[in-house]
1. Here are some pairs, K42/K381; K33/K315; K33/K156; K58/K123; K42/K203; which of them have Cα atoms lying more than 30 Å apart in this structure?
2. Whole Å is fine, so just give me how far the alpha carbon centre of region 25-81 lies from that of region 414-436.
3. Work out how much length E44 to V248 would gain on full extension: take 0.36 nm times their residue separation and subtract the Cα-Cα distance, in nm to one decimal.
4. Once whole DSSP H runs in the chain are found, which of them have Cα atoms spread over 18 Å or more along the helix axis and a mean Kyte-Doolittle score of at least -0.5?
5. For the chain, give me the percentage of DSSP beta bridges that are antiparallel, rounded to the nearest 5 percent.
6. From the square roots a ≥ b ≥ c of the eigenvalues of the alpha-carbon gyration tensor of region 136-201, which class results: rounded (a/c under 1.5), prolate (a/b over b/c), or oblate?
7. Counting each DSSP H run of 4 or more residues in the chain as -39500 (n - 2.57), what helix-only mean residue ellipticity at 222 nm follows after dividing by all residues, to the nearest 500 deg cm²/dmol?
8. Would you please give the FRET efficiency between H397 and A332, computed as 1/(1 + (r/R0)^6) with r the Cβ-Cβ distance and R0 = 30 Å, to the nearest 0.05?
Amino acid sequence: MSTPTIPSVNGTATDTVVMKFGGTSVADAGRIKRAAARIVKKREAGQRVVVVLSARGKETDRLIADALEISDRPAPREMDMLLSTGERVSCALAAMAINDLGHQAISLTGSQAGIVTDTSHTKARILDVRADRILEALDQDRIVLVAGFQGVSTAKDVTTLGRGGSDTTAVALAAAVGADVCEIYTDVPGVFSADPRVEPHAKKLDVVSFEEMLEMSSSGAGVLQLRSVEYARTHGVRIHCRSSFDDVPGTWVVSEAEAEAANAPRTADNTKENKVENPLITAVTHSTVEARITLAGVPDTPGAAGQIATALADKGVNVDMIIQNEPPQDGARADMSFTVPRDDVRAAEEALAPVVSDLGIRELRTEPEMGKVSIVGAGMKTHPGVAAQVFTVLGEHGINIEMISTSPIRISCVVPGAQVPEAVRALHGAFGLSGEDTIRPEQPFGEFS
Ligand code: ADP
Ligand code: ASP
Ligand code: MG
């Protein structure tokens with residue numbers, strides 16, 4: 001399929017671009033210099049450039065491990081002080097590389113860049129971007145480098161935005177400076193029909209709507225942080241997700257209308273030319289970091305579920321699927337199961353401890369090794385029978401479905417963690433997602449960490 005031409009907003013290109021480079025793309029000195037050369041090229045082509053950088057390589061993981069070596073319950077405020085350093089290092093080093101190429105660069109922390117967040121340490125939300133300092137530096141012909149993944153809270157503390165949060169920094173800055181596009185440079189050539197590390201036959205998608213990308217990110221496609229897509233949709237920021245290793249166009253994440261127009265060219269009589277261009281299913285996504293918590297013997301009375309959900313929400317635990325059933329012979333009590341990200345298990349258990357004793361819940365059980373596989377596609381809205389096909393395919397592969405949830409354009413199944421890769425490949429094949437520009441194992445792309 002040829003790459004669609006995506007016009008600029010209102011047909012007029014603005015002169016500012018935001019370029020975000022992920023951890024693998026700035027992992028060592030050579031890659032920082034390579035990113036610097038690419039940034040300078042953009043500037044020399046006449047654009048004002050704001051750059052957002054992630055911490056180098058696995059630096060954030062290393063910092064987390066450092067903290068856990070000191071304390072098994074590090075204070076979230078101090079975690080944020082620690083984790084925010086990774087992206088600052090990248091920015092200072094990249095600024096040096098850009099200066100050496102004869103341009104003037106300035107690196108800024110999230111706080112200096114005016115990113116104001118709420119006070120939820122380690123998962124803060126951006127409330128405001130006061131971009132004056134960035135705009136001043138751009139007016140002085142500087143290339144501005146902003147440390148991703150961080151901000152300053154309304155209580156004046158350093159905060160971080162959750163794993164993958166540099167994507168959200170980039171989109172927020174693109175909105176604040178009125179950039180025409182937010183370019184996300186990463187270690188794969190774009191958004192694929194499945195994680196190409198799990199399904200080597202996955203196909204690069206040329207255009208994806210915000211609606212579909214939201215479902216993909218929320219069900220495990222970590223290539224774009226969920227909040228970055230939410231922010232982009234709310235503020236109308238067009239994302240171009242592409243490889244930092246070559247110059248080939250990647251995936252455009254744009255409004256539903258723009259995506260539909262790009263995906264299904266219209267003929268002269270304004271009918272859709274080719275339905276094959278608009279497939280039923282767009283992608284298969286997965287997560288291997290799910291945990292299931294079961295509360296056995298919850299009183300079957302009004303208000304119990306509310307009490308449980310409130311306790312979890314107050315601790316910032318993101319609950320995904322919820323199932324409640326009444327075991328036979330015990331009409332007064334029910335069992336409630338839900339999934340949470342594995343990293344949130346401890347917070348969930350702490351949040352639930354008082355509720356368990358308050359409500360007299362019989363048992364709290366945690367199963368940490370769960371996974372989830374989902375199919376996403378706007379075409380699903382108008383086609384019955386997709387769920388039946390998903391369940392049949394998983395059944396044929398001997399994969400037991402533990403929980404199910406759906407949205408109008410997504411079907412998700414919780415399955416045993418170890419069977420997730422097989423489930424992804426089975427569904428990808430069954431829904432015919434492999435394409436002509438599919439990457440085969442013998443044609444590796446980019447460089448993996
Ligand atoms: P960065 O450090 O550049 O932010 P990430 O690791 O956060 O990179 O995101 C890129 C990774 O996302 C890829 O290496 C890939 O394994 C993973 N990924 C998961 N699902 C998808 C998908 N559907 N398309 C592309 N990449 C995906
Ligand atoms: N460095 C942070 C992380 O590893 C943020 C990011 O890379 O987007 O999650
Ligand atoms: Mg990322």
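1. K42/K381; K33/K315; K33/K156
2. What the calculation gives is 32 Å, centre to centre.
3. Computed gain between E44 and V248 is 71.5 nm.
4. Helices passing the filter in the chain: 76-100, 345-359.
5. Here the share of antiparallel DSSP bridges comes out near 60 percent.
6. oblate
7. It comes out at -10500 deg cm²/dmol, rounded to the nearest 500.
8. Efficiency for this residue pair is about 0.15.
The values are calculated or read from the model by the stated rules, or taken from the named source; none is laboratory data. Because the structure is a prediction, the values reported are computed rather than measured. Backbone-built Cβ (ideal geometry, glycine too); neighbour counts: all protein chains shown. We work out accessible area using only protein heavy atoms, side chains counted, and drop any ligands, DNA or RNA first. Shrake-Rupley method; radii C 1.70, N 1.55, O 1.52, S 1.80 Å.
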